[in-house]
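Structure record follows, encoded as C-alpha cells.
Read the figures in this text as sums done on the coordinates, not as results from a lab. Please read all numbers here as calculations on a predicted model, not as lab measurements. Here Cβ is always computed from backbone atoms with ideal geometry, including for glycine, and neighbour counts include all displayed protein chains.
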Amino acid sequence: MKVAFGSDHAGFKLKEAIIKAFAEHVHCLDLGTDSEESCDYPDYADRVCRAVVAGEAERGILICGTGIGMSIRANRFKGIRAALCHDHFTAQRSRLHNDANVLAMGSQVVTAGTALELVRIFLETEFDRTDGQNERHVRRINKMDLDSPTL
C-alpha cells in the first residue's frame, strides 16, 4: 500500500516517527514538512489530498497540533473522507463505516504510541463488506460526496 504523509511544524516529529515505524510495511510518500520551522498546515493537507485523489497514494495521514485544521482542510477536497481520530474505536470505525481515506491526528492530543496504533488500525481495517452489497454504508458515503446543498 502507498500512503502519503503530511504535517505542519507541530506534527513534524510524530510524522517522522510514524514513517520510520511503517517504512518496512508500506510505501511511504513523505510530502512534508521537513522541519519544525513554522509553516501553514493547509499547504501540506493539500499535497496529501491531491496525491490521494490522483491515485498516487491509496491513503493519507495528516498531522498537526490538534488534527482539527488538517481534517477541516482535507474534507474540502471532493473524494476525500478525512477522519480526525484520537482513539482505537474512531480509527476503526472511520474505515469500517465511512471508508475514510485520510487519517488526521493531533500531535498535542495523542501520544506517539497511540498514534502508531491508530495508523496501524487505519491501514489494516477494510471497509465493512458484511452488509450484502454494503448498501447502507455506500448510500451514506454517496450522500457525503454530493456537492454541498443549498441551505
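Cα centroids of region 8-72 and region 92-123: how far apart, whole angstrom?
13
Percent of alpha carbon pairs in the chain separated by more than 29 Å?
Details: 1404 of 11325 pairs.
The share of Cα pairs beyond 29 Å in the chain comes to 12 percent.
Which order do peptides 67-77, 115-125 fall in by mean Cβ count within 10 Å, highest first? Intermediate values should be presented prior to the final figure.
Numbers: 67-77: 20.6, 115-125: 19.0.
Those peptides, ordered most packed to least, come out 67-77, 115-125.
Rounded to the nearest 500, what is the 222 nm mean residue ellipticity of the chain from helices alone, with -39500 (n - 2.57) per DSSP H run of 4+ residues and division by all residues? Kindly include the intermediate steps, with their values, before the conclusion.
On the way: 6 runs with 63 residues, N = 151.
Dividing the helical sum by the residues of the chain leaves -12500 deg cm²/dmol.
Which one of A74, F5, S107 is farthest out on the positive end of the charge dipole of the chain, using unit charges on Cβ (Lys, Arg +1; Asp, Glu -1) and the Cα centre as origin?
Value: A74.
Can you give the relative contact order of region 2-144 as a percent, counting alpha carbon pairs under 8 Å and 6+ residues apart? Please list the in-between numbers first.
Values: 272 pairs, mean separation 33.1, N = 143.
With pairs under 8 Å counted, the relative contact order is 23 percent.
Quick check for me: using +1 on Lys/Arg Cβ and -1 on Asp/Glu Cβ, what's the dipole size of the chain about its Cα centre, in debye to the nearest 20? Walk me through the numbers before you get to the answer.
On the way: 19 positive and 22 negative charges, 102 e Å.
About 500 debye.
Among the lysines, which have Cα under 27 Å from the Cα of K13 when same-chain residues fewer than 8 positions away are ignored?
Partners within reach: K2.
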